[in-house]
Amino acid sequence: MAKRAAPEVNAGSMADIAFLLLIFFLVTTTIEKDKGLLRSLPPIDDSEVEPPIIKQKNLFTVLINRNNQLLVEEDQMELKNLRQAAIEFLDNGGGTNAEGQSCDYCKGKRDPSSSDHPDKAIISMKHDRETSYEQYMDVQNELVAAYNHLREREANRLFKRYYPDADNVYKAMLEEKEKNQFSKDTVLNGRIDQIKKMYPMKLSEAEPDKN
Amino acid sequence: MSKFKKGKQGDLPAISTASLPDIVFMLLFFFMVATVMRDSTLMIDNILPSADQVEKLKKDRTAFIYAGKPSAQYKQFGEEPRIQFNDAFISVEEVKPSVLAAQAELIEELQPKFVVGLKIDKDTHAGLVSDIKQELRKANTLKVMYIANARAE
């Protein structure tokens with residue numbers, strides 16, 4: 001018997017098979033990027049130091065009850081009005097901060113019965129154990145939005161000339177910082193810190209009552 | 001009389017597709033490597049709330065805690081919202097050791113920047129969330145991120 005050469009395998013369909021697999025993985029791949037609200041919890045304080053007394057006018061209290069209703073500064077409020085109320089409170093600038101400077105960049109009403117200075121203004125939030133997480137997140141979101149709105153306004157006023165094309169200057173600055181995370185840009189970081197210092201985020205959360 | 005006789009004109013040689021499988025395989029391997037199958041199977045319902053003031057999360061320094069009602073297959077665990085960490089349900093008291101163990105697994109320079117991602121179902125009551133937060137305070141892992149779906153402003 002004559003020895004025959006093995007016939008060559010036709011590799012023409014290889015591309016089809018590979019494409020099939022490729023499309024499967026293309027469809028199943030989700031390069032997901034989680035997003036969320038970043039917050040810092042207060043450390044546990046065991047010391048017996050008397051907490052400093054905070055004037056009632058520098059405190060903006062937000063209560064959420066078990067039926068997800070909001071009580072803001074003793075009045076019932078709809079969620080959609082919360083952001084504006086928080087902005088007005090933070091931006092009031094009715095007095096001076098601890099160093100005795102008045103808030104020269106605040107554009108609020110300068111109402112002496114509301115907050116003295118963004119430095120001193122504290123938002124205090126308390127919820128019931130039965131409050132839904134969704135409502136809790138919505139309130140957090142609105143309060144963070146109030147800070148972001150004010151920071152955005154100041155960034156726009158001070159640094160617009162460096163970012164003439166950006167709609168949201170503060171956001172553009174944060175994005176640039178994110179991009180250059182391996183090469184520290186001290187000028188940019190200084191600017192971001194300056195904005196953050198103008199409206200420091202002082203958002204405190206009380207523990208819900210155990211009942 | 002030219003030596004360089006042109007052959008039949010207009011007859012283009014067929015493009016060789018021999019390298020096509022190679023190209024496709026290259027893409028295939030990329031996507032195979034980039035695909036992450038879900039790392040922990042969720043035993044709970046997990047519909048996240050939405051928010052518009054969101055920041056991006058850096059995955060390399062994060063551990064996730066899930067919470068919500070046990071999903072349909074896990075009905076035997078009851079209706080009350082439960083906490084899930086990696087692949088198992090844990091109690092509130094176990095949050096602290098679990099989180100500290102996760103922190104210890106990170107590379108050293110990221111450990112101080114450790115963030116806990118809270119993926120909590122929107123129908124959970126906020127009391128459970130504050131229990132978790134209290135445990136995180138005890139563990140001294142103070143950076144938390146409430147994971148949410150981004151929504152347009």
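Exactly one residue out of A:S113, A:S124 is surrounded by fewer than 22 Cβ atoms within 10 Å (Cβ to Cβ), away from every other protein chain (no Cβ under 14 Å) and part of a strand (DSSP E or B), and it is A:S124. Looking at this structure, is B:F89 buried (at least 18 other Cβ atoms within 10 Å of the Cβ), of a type in the set (F, W, Y), more than 30 Å from A:K171 (Cα to Cα) and away from chain A (no Cβ under 12 Å)? It is false that B:F89 is buried (at least 18 other Cβ atoms within 10 Å of the Cβ), of a type in the set (F, W, Y), more than 30 Å from A:K171 (Cα to Cα) and away from chain A (no Cβ under 12 Å).
Only residues that are aromatic (F, W, Y), out of contact with any Ser or Thr (no Cβ under 9 Å at 6 or more places or on another chain) and facing chain B (nearest Cβ under 8 Å) were counted across segment A:9-43, and they come to 1. Taking the listed residues A:N68, A:N141, the one that is surrounded by fewer than 20 Cβ atoms within 10 Å (Cβ to Cβ), polar (S, T, N, Q) and under 28 Å from B:V129 (Cβ atoms) is A:N68, with no other qualifying. Within segment B:141-153, restricting attention to residues that are more than 7 Å from every other protein chain (Cβ to nearest Cβ) and of a type outside the set (K, R), the residue that is surrounded by the most Cβ atoms within 10 Å (Cβ to Cβ) is B:T141.
Considering only residues in segment A:183-211 that are within 13 Å of chain B (Cβ to nearest Cβ) and either charged (D, E, K, R) or in a loop (DSSP other than H, G, I, E, B) (or both), the one that is surrounded by the most Cβ atoms within 10 Å (Cβ to Cβ) turns out to be A:P208. Considering (1) farther than 22 Å from B:E55 by Cβ; (2) outside any helix (DSSP H, G or I); (3) not small (G, A, S), the lone condition that A:P118 does not fulfil carries the number (1). Applying the condition of being facing chain A (nearest Cβ under 7 Å) and not in a helix (DSSP H, G or I) to segment B:122-139 and asking which residue is surrounded by the most Cβ atoms within 10 Å (Cβ to Cβ) yields B:T124. Can you pull out the residues in segment A:89-125 that are in contact with a helix residue (DSSP H, G or I) (Cβ under 8 Å, 6 or more places away or on another chain) and hydrophobic (A, V, I, L, M, F, W, C)? A:L90, A:A121, A:I122, A:I123, A:M125, listed by residue number. Of the set (1) modelled with pLDDT under 85; (2) more than 21 Å from the chain's Cα centre (by Cα); (3) of a type in the set (D, E, K, R), all apply to A:R129 but (1).
The values are calculated or read from the model by the stated rules, or taken from the named source; none is laboratory data. Being a predicted model, the structure only gives us computed values, none of them experimental. Here the Cβ is made from the backbone with ideal geometry for all residues, glycine too, and neighbour counts use every protein chain on show.
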